[in-house]
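Reading through the C-alpha cells given below for one structure.
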Amino acid sequence: IGSIRMGTTVATNALLERQGSKMAWITTKGFADLLEIGNQARPDIFDLTCATPSLLYQRVVEVDERVILEQHYTGDTTNFPKEVGITKETLLIEKVPDLEMVKKELETLRDEGITALAISFLHAYTYSKHEDMVGDLAKSMNCFEQISLSHQ
C-alpha cells in the first residue's frame, strides 16, 4: 500500500460549521431536552457563562413509546408484554409507537424542509423494534435523504 487517504474533511467541516441537511431528532417522549442538557460536564461546574456548541438538529419529535428493563421495574409486570433483547435482558413493552401519529409528525417535518432524521429511543441498543418501525415508516414516505437509527 503506497498511501491511504480518507475522505473525512467534508464531513468534519460540515459538522464544525454546522452546515448540511436540515435535521430532526426523534426520541422517546419525555427526553426532548436530553442532548441540550447533556451531562453538565464542564471545566467549572458553576460557570454560568460556559458556552456550548449549537445543536445539530432543528427540531425534536417525541414519540410516545416506552420499553423498560424488567430488572429496574419495581411494579407489577403482569400487564406488560415481555421480550428478550439482544443483550439477553428481559424488557417490558409499556407503549408501542402509534404510527399514525408519527406519520403526521413526519409529514410536518417534511413540510418544514427537514431532509435528515436521527432516531434514538430508550434501550434501542437491546430492543430495536420501535426504532425500526419508525425508520421503516420514514423510508416509505420517500422524502428523507438520510435516516439514522441509533441501534445501527
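The values are calculated or read from the model by the stated rules, or taken from the named source; none is laboratory data. Remember, it's a predicted structure, so these values are computed and weren't measured experimentally. Reconstructed Cβ throughout: ideal geometry from the backbone, glycine too, with neighbour counts over all protein chains shown. Accessible surface is based on the protein model in full, side chains and every heavy atom, while ligands, DNA and RNA are left aside. Shrake-Rupley method; radii C 1.70, N 1.55, O 1.52, S 1.80 Å.
The phi torsions of the range 143-152, fed into the Karplus equation with coefficients 6.51, -1.76 and 1.60 and a -60° offset, translate into couplings of 10, 10, 6, 9, 10, 10, 10, 4, 6, 8 Hz, rounded to whole numbers, with Gly and Pro shown as x. On C-alpha positions alone, give me the angle between the axis of helix 129-140 and the longest principal axis of the chain, in degrees, nearest 10. Taking the Cα atoms of the chain, the angle to 129-140 is about 60 degrees. The candidate values were [x] 36, 31, 30; [y] 56, 34, 30; [z] 56, 46, 44; the one computed from these coordinates for Cα extents along the principal axes in Å carries the label [z].
Which lysines, if any, have their Cα less than 19 Å from the Cα of LYS139, not counting same-chain residues under 8 positions apart? Result set, ordered by chain and number: LYS22, LYS103, LYS104, LYS129.
Among the protein heavy atoms of the chain, carbon and sulfur supply 53% of the accessible surface, probe 1.4 Å, non-protein parts ignored. Per residue, the chain exposes 68 Å² of solvent-accessible protein surface, assessed with a 1.4 angstrom probe and all protein chains in place.
Largest first, the residues VAL102, VAL60 sort by 1.4 Å accessible area into VAL60, VAL102. Restriction of the GluC sites (Glu not before Pro) in the range 65-152 to DSSP coil positions whose beta-carbon has at most 12 other beta-carbons within 10 angstrom yields GLU112, GLU145.
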